[in-house]
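Taking it in order: structure first as structure tokens, then the write-up.
Please treat every number below as a calculation from the coordinates, not as lab data. Treat the numbers as computed from the prediction; the structure is a model and nothing was measured. All Cβ positions, even for glycine, are placed from backbone atoms using ideal geometry, and neighbour counts span all protein chains on display.
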């Protein structure tokens, strides 16, 4: 059983339709990775494109131009004419409002991992804030991140840093990857979001970009209007409006881009580990400070559904504190806390504990949910094997154990 914050104890069942289709549980993740062969791929997974070998002709020039243009416009902040202290303050506040609320809490902990539930209108507000960070539409961002958890630090990880730091940092965004083609990717990893008309609309015709650009123009319009209402002339109004847009929107966007890229790359290279997860995830104090809690990456990979990424004393997680505040305000419920059996699963101090496969299997089997990671038939077979082996070991006998688990058909992507 997994403890819940602000919503009582969470039993094995899943509370919403979206969770039934999308939630990515720690037990199934670990079990899948433990069962992969020497080549790092499950025998139940189809071959996927090796992302670290993208040819030069596959460069995404639209991405190169877009990222370059936004960086260039943000560079105008170095010119005094575009400076204002109001703009700087808005940039700092925006990193929290758009970055922490929109990406960390909205895109990541809510939509990707379903770490808590909230009213539908508030979920969409968080998603809209995330879209204003220009890190792709909610369905695509969520699908890529779920794939990352499935193939963490392997060739099929969309932004693996193994042997290729620049690739994991930003290079993966600039090359076309066959495995990240929109339709198959969304069908396999984000079908739950695409059923929602709001998220489908954001994805359609890149409407999420229009939302982001419109938010930038709001900074300019409100700044110029405020200056004109205070009696400033037109030139001063335009200057103040541009200062708010450059700092409050563009500089903030670029800064949070790099914070996100740091988190997804450095957190798989440098830092310490509380749990011996099958990947190379690390807890990095500096990245955690910069990203308001996303740097406790090893904790997160050990327990993806947990809303709290800081598991040990001193692991400060501002995003988690924000979720606690939302709970007190009645805007968050059914909040998932770290599993009480993580050290049994992964072992304290980086030592894999005995019986971890059994826990993985039982954790998965107790939640009657689809397994879009490895397919239901494979999932049931692996669960039976893991529990069977553990019981045989424990009671000194061999042979299969009838667990009452029956194949229910393959999951998505099979």
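Per-structure values
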item	result
Gyration tensor (alpha-carbon) shape descriptor, the stretch 83-178, a/c threshold 1.5	oblate
By average C-beta atoms within 10 angstrom, highest first, the peptides 167-173, 140-146	140-146, 167-173
Protection proxy ranking, peptides 105-111, 271-277, 196-202, average beta carbon neighbours within 10 Å, highest first	105-111, 271-277, 196-202
By average C-beta atoms within 10 angstrom, highest first, the peptides 74-81, 149-156, 211-218	149-156, 211-218, 74-81
Gain upon complete extension [residue 226, residue 81; 0.36 nm per residue less C-alpha separation]	50.4 nm
Pairwise FRET efficiency - residue 234 versus residue 269, Cβ, R0 = 56 Å, nearest 0.05	0.65
Inter-probe distance in nm under a simple model that places probes 7 Å from Cα toward Cβ, at residue 62 and residue 204	1.7 nm
Along each principal axis, Cα extent of the stretch 217-319, largest first, Å	62, 22, 21
Gain upon complete extension [residue 165, residue 324; 0.36 nm per residue less C-alpha separation]	53.8 nm
Sites residue 344 and residue 96, calculated FRET efficiency, Cβ-Cβ separation with R0 30 Å, nearest 0.05	0.25
